[in-house]
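The structure appears right after this line, and notes come after that.
Nothing in this text is a laboratory measurement; each read-out follows from the coordinates by a stated rule. It should be emphasised that the depicted structure is a prediction, and the values quoted were computed from it without experimental measurement. Backbone-built Cβ (ideal geometry, glycine too); neighbour counts: all protein chains shown.
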Amino acid sequence: MESPNKKRPWLGVFAIAAVLAIAIASYFSLATRSAAPQLTYTSLSGEKITSQSLRGKVVMVNFWATSCVTCIKEMPDMVKTYNKFQGKGLEFIAVAMSYDPPNYVLNYAKTRSLPFKVALDADGAAAKAFGDIKLTPTTFVIDKEGNILKRYVGEPDFAELHQLLGKALAA
């Protein structure tokens, strides 16, 4: 019996070309930055924060919930990160998920004296705009031009995050 590859020698070439095309597409998708969605956040104090008003600053957007163990665990390090970089142009918005009761979010933010802006995503529009976020914590680092530099799902490596923020703020 004859090997199937002898009947169709082009099949191997096609497979190699397909793998190469996927590799090239993956490289360019990582090499090109995607723009962060244009949104208006409403902070717990009622302040409206637009994506446009954040231009020129490096921004961290952290999707979290008071019921998320990892979110609560990472929050002190998020506070330290914000305190370290806020004077250098970092903005930070902690976006509470739509299922998080607003009174829980308000209580957590007040009792922990969170120094950054905390917003409610009551209708889930922000989570949807960032790619239909379901897992918390999910954190985005956005550059001064409004492009997403990095997406962290779960607790970030804070040493790596601090290096990224340092480079983005210096740019």
Checklist entry - Which links in Lys73/Lys150; Lys110/Lys167; Lys84/Lys144; Lys84/Lys128 stretch past 26 Å when you go from one Cα to the other? => result Lys110/Lys167; Lys84/Lys128
Checklist entry - Residues with beta-carbon under 9 Å from that of Pro156, excluding Pro156: net charge, scoring Lys, Arg +1 and Asp, Glu -1? => result -4
Checklist entry - Under a 5 Å amide H to amide H cut-off, with H placed in plane at 1.01 Å, what residues pair with Leu149 once short-range neighbours are removed? => result Val141, Ile142, Asp143
Next on the checklist: Distance between the C-alpha centers of segment 65-96 and segment 113-155? Whole Å please.
Outcome noted: 11 Å
Checklist entry - Can you give the translational diffusion coefficient of segment 35-170 in µm²/s, computed by Stokes-Einstein from the Kirkwood radius over Cα pairs at 20 °C and 1.002 mPa s? => result 146 µm²/s
